[in-house]
1. Report, ordered by chain and residue number, the aspartates and glutamates lying within cross-link reach of A:Lys96, taken as a straight Cα distance under 17 Å and ignoring same-chain residues fewer than 8 apart.
2. For A:Val296, what charge total do you get from the other residues with a beta carbon under 12 Å from its beta carbon, if Lys and Arg give +1 and Asp and Glu give -1?
3. Excluding B:Phe198 itself, what net charge comes from residues whose Cβ is under 13 Å from its Cβ, given Lys and Arg +1 and Asp and Glu -1?
4. If you average the alpha carbon positions of the range A:243-270 and of the range B:117-188, how far apart do those two centres end up, in angstrom?
5. Would you mind telling me which residue in A:Tyr137, A:Tyr285, A:Tyr155 has the biggest mean-square fluctuation in a Gaussian network model of chain A, where springs connect alpha carbons within a distance under 10 angstrom?
6. On a straight-distance basis, which aspartates and glutamates could pair with B:Lys177 in a cross-link, Cα separation under 19 angstrom, same-chain partners fewer than 8 positions away excluded?
7. Among A:Ile39, A:Ile335, A:Ile183, which comes first, second and so on when ranked by fewest other beta-carbon atoms within 10 Å?
8. Principal axes first, then extents: for the Cα atoms of the range A:154-290, list largest minus smallest coordinate on each axis, whole Å, largest first.
Amino acid sequence: MSLKREKQTYMLFMLSQKTHDIILMKMDIEKVFQMKGGIGENSYSKNSSLQKRAADKVKHIITAAMEQMYVEKRPNSIGIADLGCSTGPNTLSNIKQLVHTVLLHPHPDPEPEFRVFLNDLPTNDFNTLFQSLPDFYTQLNKHRIYISAYPGSFYGRLFPDHCLHFIYSSNCLHWLSKVPAGIYDEQGFSINKKSIYISERSTQEVSLAYLKQFQHDFSLFLKSRSQELVCGGRMVLILLGRTGSHHADRGNSVFWEIMYRSLSTMVDEGEIDEEKLESYEVHFYAPSKEELEDEVRKEGSFKLDVLEMFENENENDIDADMSYGTAVAKTVRSIQESMLANHFGDSILDKLFQHYATLLDQELAAANDHINSITTVLVLTKL
Amino acid sequence: MEVTQILHMNKGEGETSYAKNCTVQREIITLANSIMEEAVAESVQNTLPQSMGIADLGCSSGPNTLMAVSKIIDTVCKTSSGIVGSTLPELRVSLNDLPGNDFNEVFMSFPGFYETLRKEKGNGPEGGFVSGIPGSFYGRLFARNSMHFVHSSSTLHWLSQVPPSLDMNKGKIYISKTSPPCVVKAYVSQFEKDFFLFLRSRAHEMVAGGRMLLSFMGHISPEASTEVGSHQWELLAQLLLGLIEEDRIDSFNAPYYAPSPQEVRNVIVEEGSFSINHVEAFEVNWDEGSSACSDSACDKCDFEHEKLSRGQRVAITIRAVVESMVESHFGREILDELFRRYGELVDDYFSKTVAKHINLVVSVTRNSE
């Protein structure tokens with residue numbers, strides 16, 4: 001009865017200089033990776049306005065896709081899924097928007113019911129998300145909305161057969177199911193020297209390994225969703241991407257470079273062992289337009305209606321007292337804290353993100369142009 | 001008291017958590033096993049679903065949460081394999097509780113649950129999907145005609161709210177021998193309203209021929225104020241009087257009612273969507289399941305429990321359930337002292353009586369429209 005998915009473990013070997021012991025460390029993504037829970041200062045809930053801004057930019061695309069589906073299918077029981085729902089306010093406001101899109105459209109009496117499927121990894125802080133539900137139900141109490149949470153990895157099946165009409169996933173699909181196996185040599189050491197992601201210093205072997213992992217993951221994602229969507233169902237995917245074929249361009253890779261430099265600084269300061277840094281790799285991939293199109297075409301269950309890419313402008317209106325670097329550092333921390341703490345321990349986090357903020361501000365000043373991440377939005381129709 | 005916002009079992013796995021103190025509730029699930037098996041088998045035979053909706057309402061968190069649904073899935077598999085020409089249906093399992101429930105804890109156990117089921121049942125990889133449903137079951141939770149078997153244990157004695165107009169219930173927190181008739185009436189009325197809404201909601205959600213098995217506290221003697229069914233509240237009220245000003249106690253009443261079998265039957269008949277298969281009453285010891293244990297190697301008992309008296313163990317069990325409400329009304333400071341004294345009172349009660357609850361097991365079938 002379990003989902004057919006691959007176990008996401010990978011081994012990290014660390015050779016201690018003093019004892020020459022090989023210490024085996026496993027990071028099982030599904031047991032470790034999570035956005036920072038709760039509603040505190042460093043939580044994802046309180047630091048996800050950049051993600052909201054990106055989603056707001058594509059609101060018209062999401063609304064149009066939902067409307068098109070409704071006009072074509074006219075279901076009286078509508079299944080909507082949010083994959084990677086996380087903890088915060090973005091999730092429920094998205095659902096409201098989708099429900100209103102349908103209800104504002106001429107519809108029969110009685111009005112359709114909405115079956116809402118929220119998904120994230122089992123480690124997600126669902127309790128915090130659910131705290132907002134009583135108010136949400138009160139606001140929407142005239143409508144028939146049934147909310148369910150399905151914890152698990154979206155690299156594999158999550159939902160019953162053909163129960164969905166609309167799938168939405170925002171800012172998740174750039175996270176791979178695991179760090180690519182291909183970047184470890186036979187002894188288990190990373191071949192991606194002096195980097196934590198694909199950088200200028202990375203070999204082609206490294207970028208190919210990452211691409212292969214992305215291809216495997218994304219096609220499994222598409223295949224799984226194709227069995228859960230009805231024909232004519234729509235899927236809107238928002239994820240980080242890259243515009244050129246080259247990885248180490250401006251855009252997303254800069255942020256990984258800054259993280260690497262921040263960690264390096266901690267090594268220089270004696271706070272982190274160099275071996276620890278060398279063994280840290282991220283389970284991330286920012287695909288290009290061509291790479292996305294290729295997988296959609298190969299998998300064959302979907303028609304690609306829309307593929308747009310845009311820069312996330314660094315308008316710092318989050319907090320006037322805060323530098324851009326500090327604001328981004330807070331956002332990044334709420335996302336990456338779990339994976340960093342799992343590898344390096346909690347105690348380095350405060351200092352690490354201080355370095356991150358400083359280095360990012362310096363980079364921005366030196367670059368004299370914007371450092372903007374790239375977001376891709378896709379709209380697909382199930383054939 | 002906003003019940004849906006406040007009521008939840010104690011979270012986590014600490015000494016006073018529900019997870020470590022739910023033996024009685026586990027025994028209650030077990031005592032209904034044979035009735036449940038029969039009901040599940042019939043729901044499969046009646047409806048022959050391709051995709052079967054199974055719900056557990058009031059799932060809480062901790063070791064009991066997946067117990068009932070495991071048993072249900074077991075029975076579905078057995079029944080299915082016994083029907084000629086039938087394949088195992090796709091299983092949609094929904095675990096419901098109020099939004100304040102510790103769903104994080106529940107969800108962390110899903111991967112292990114899927115793994116166990118895959119090994120034991122050899123189901124196809126896409127054979128089953130488990131979800132959490134946060135919300136009150138006094139109202140709709142699921143889409144129309146989506147459920148084939150609904151289970152609920154140790155939950156339906158919790159009302160949607162404290163019955164209104166209970167000012168006359170002086171110095172008491174539930175129905176007691178000194179409560180005026182209007183108090184009893186208020187509780188019965190709230191129960192009738194809530195249970196009717198519960199049944200009406202499930203009626204929309206269940207297919208014809210689907211079965212429902214409900215297990216909750218009740219009373220069998222003619223009086224609702226009978227000791228068996230209310231004494232645990234009586235003791236709590238007594239202790240609160242010793243710790244808190246009386247007028248603060250007057251403003252606190254339990255959102256709870258343990259009905260009689262006849263009261264249950266009346267509402268089922270009135271609502272009209274279900275036929276009654278069974279309404280049975282079982283006696284359950286206050287410390288069912290834990291009193292007999294003296295085996296130091298037993299892995300069911302938390303080691304700490306062995307050092308506690310029977311009364312103290314019962315006190316922690318009650319604390320795990322009512323703490324959220326008591327704390328919200330009276331504050332945190334009194335909790336330790338309150339339940340320490342509660343343990344003493346229960347030990348004293350045990351020395352005079354064999355203390356029992358009455359647990360009702362209700363089995364119904366959804367009628368055709």
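What follows is calculated from the coordinates using simple rules that are stated; it is not laboratory data. On a predicted model such as this, the values are computed, not experimentally measured, just so you know. With ideal geometry, Cβ positions are generated from the backbone for all residues, glycine too; neighbour counts draw on all protein chains shown.
1. Candidates past the 8-residue exclusion: A:Asp56, A:Glu67, A:Asp82, A:Glu111, A:Glu113, A:Asp135.
2. Numbers: positive: A:Lys223, A:Arg225, A:Lys289, A:Arg297, A:Lys298, A:Lys303, A:Lys382; negative: A:Glu290, A:Glu291, A:Glu293, A:Asp294, A:Glu295, A:Glu299, A:Asp305.
With Lys, Arg at +1 and Asp, Glu at -1, the neighbours total 0.
3. Working: positive: B:Arg140, B:Lys193, B:Arg200, B:Arg202; negative: B:Glu192, B:Asp194, B:Glu205, B:Glu270, B:Glu271.
Combined, the nearby Lys, Arg, Asp and Glu give -1.
4. 53 Å
5. So, out of A:Tyr137, A:Tyr285, A:Tyr155, the one fluctuating most is A:Tyr137.
6. Partners within reach: B:Asp167, B:Glu223, B:Glu227, B:Glu234, B:Glu246, B:Asp250.
7. Numbers: A:Ile39 15, A:Ile335 20, A:Ile183 23.
Ascending number of Cβ neighbours within 10 Å: A:Ile39, A:Ile335, A:Ile183.
8. Answer, in whole Å and largest first: 55, 32, 28 Å.
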